[in-house]
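Heads up, the thing below is written out as structure tokens.
The values are calculated or read from the model by the stated rules, or taken from the named source; none is laboratory data. Please read these numbers as outputs of a predicted model, since none were measured by experiment. Don't worry about glycine lacking a Cβ; one is built from the backbone with ideal geometry, like all the others, and counts go over all protein chains shown.
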Amino acid sequence: MTLIDSDSDEEFEIARQLVEKEGSSSRGSSKKSRKFIRHDRLQAHQNLFPDYFADPPIYPHKYFQKRFRMSRSLFLRIQAVVEAHKPYFVQRRDNSGRLGFSSLQKITVALRMLAYGVTADFMDEYLKIGETTALRSLKMFVRAVVSIFSEEYLRKPNNNDIARLLAVGEKCGFPGMLGSIDCMHWKWKNCPTACYGMYSGHIHEPTIILEAVASYDLWIWHAFFGLPGSHNDINVLDRSFIFSDLGQGLTPTVNYTINGHNYAMRYYIPDDIYPQWATFVKTISAPQGNKKKYFVAAQKSARKDAERAFGVLQT
């Protein structure tokens with residue numbers, strides 16, 4: 001069995017330490033190898049399961065939502081498909097007959113690291129997962145999620161999606177609309193001191209900006225994430241790839257009519273900070289008359305789709 005092919009966490013850890021020990025010996029290093037700690041994996045699983053996954057659990061669902069940053073039903077859905085996709089998450093016995101970590105343990109430690117930015121050994125005391133296995137679980141989990149869900153959730157709209165979005169937009173009084181665009185600042189709690197100033201803007205604390213386009217059903221089909229919080233929406237838009245296909249003439253043709261005029265460019269609903277481009281339908285700053293006031297109210301309602309999507313992401 002090779003190191004890469006091994007799905008036993010303890011065997012993986014032992015093999016890693018043997019490689020380190022042999023490397024240190026060949027170099028004549030006096031550095032002491034790390035002490036191997038035998039974790040009680042089964043007891044850790046038996047602690048985790050009644051806490052959050054039994055019926056009823058010790059901690060109510062509101063605690064699950066707070067600590068896992070998602071509902072239990074969503075967690076269990078992700079667990080089922082990830083376990084079926086990656087054999088690494090299937091609980092197995094090692095060569096000595098001991099049960100390895102359960103998928104609940106591995107996915108829990110991965111999600112805690114993703115949700116809170118904690119160190120790899122932060123959950124060791126509770127889940128009995130060492131640093132090496134925690135990092136490996138994180139990498140395996142991320143790869144599995146991207147492989148399973150990217151084609152559905154992180155993809156450009158196909159022709160059927162575009163037709164559906166245009167139909168909904170027309171029903172709301174905005175023919176040609178594909179969704180609302182906006183930016184949010186994601187707080188970076190564990191931002192390194194050296195990056196504090198670069199990532200701090202009007203919020204006065206480090207943040208990372210997410211630009212997204214969301215539809216009425218909270219589908220985020222465009223996401224541009226990673227710029228420092230010192231930027232504003234315009235700076236982000238200048239660096240975004242949202243209109244790259246449009247600039248290359250690769251976007252599908254869209255035909256619609258407004259007030260007897262024919263148009264062929266799809267557009268998005270933004271807030272006031274965005275520029276006066278043909279791809280944006282902005283509000284009217286000082287509406288006069290019932291028609292313009294009605295338009296302002298309808299535009300504001302359509303713009304809320306992105307804000308609602310951001311709210312769901314942060315719950």
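Some values worked out for this structure:
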{"quantity": "Matching entry among ARG136, ARG155 (being under 20 Å from the mean Cα position of the chain (by Cα), surrounded by fewer than 18 Cβ atoms within 10 Å (Cβ to Cβ) and of a type in the set (D, E, K, R))", "calculated": "ARG155"}
{"quantity": "Selection from the range 153-194 of residues that are of a type outside the set (A, V, I, L, M), more than 30 Å from TYR263 (Cβ to Cβ) and not in a loop (DSSP other than H, G, I, E, B)", "calculated": "HIS185, TRP186, LYS187, THR193"}
{"quantity": "Qualifying residues in the range 246-273 (those that are touching a residue at least 40 places away in the same chain (Cβ under 8 Å) and not in a loop (DSSP other than H, G, I, E, B)) - the one farthest from PRO157 (Cα to Cα)", "calculated": "ILE258"}
{"quantity": "Test for PHE174: is it farther than 23 Å from ARG308 by Cα and surrounded by 14 or more Cβ atoms within 10 Å (Cβ to Cβ)", "calculated": "no"}
{"quantity": "Among (1) closer than 24 Å to ARG164 by Cβ; (2) at pLDDT below 95 - the single one PRO270 does not satisfy", "calculated": "(2)"}
{"quantity": "Residue selected from the range 233-245 under the condition in a loop (DSSP other than H, G, I, E, B) and surrounded by 14 or more Cβ atoms within 10 Å (Cβ to Cβ), by the criterion modelled with the highest pLDDT", "calculated": "SER240"}
{"quantity": "Extreme residue, modelled with the lowest pLDDT, among residues of the range 119-152 that are of a type in the set (S, T, N, Q) and part of a helix (DSSP H, G or I)", "calculated": "SER150"}
{"quantity": "Residue under evaluation VAL236, criteria (1) in contact (Cβ under 8 Å) with a residue 40 or more places away in the chain; (2) out of contact with any Leu (no Cβ under 6 Å at 6 or more places or on another chain), criterion not met", "calculated": "(2)"}
{"quantity": "First in the range 155-179 and of a type in the set (Phe, Trp, Tyr), second anywhere and assigned to a loop (DSSP other than H, G, I, E, B) and at pLDDT 90 or above, Cβ under 7 Å, 6 or more apart", "calculated": "PHE174/VAL281"}
{"quantity": "Test set (1) surrounded by 14 or more Cβ atoms within 10 Å (Cβ to Cβ); (2) within 30 Å of TRP219 (Cβ to Cβ) - VAL146 fails condition number", "calculated": "(1)"}
{"quantity": "Residue in the range 164-186 that is at pLDDT below 95, among the β-branched types (Val, Ile, Thr) and in the same structural domain as ALA214 (by TED's automatic domain parsing) present", "calculated": "yes"}
{"quantity": "Filter result for the condition that a residue is outside any helix (DSSP H, G or I), at pLDDT 90 or above and among the charged types (D, E, K, R), over LYS293, LYS300, LYS282, LYS304", "calculated": "LYS282"}
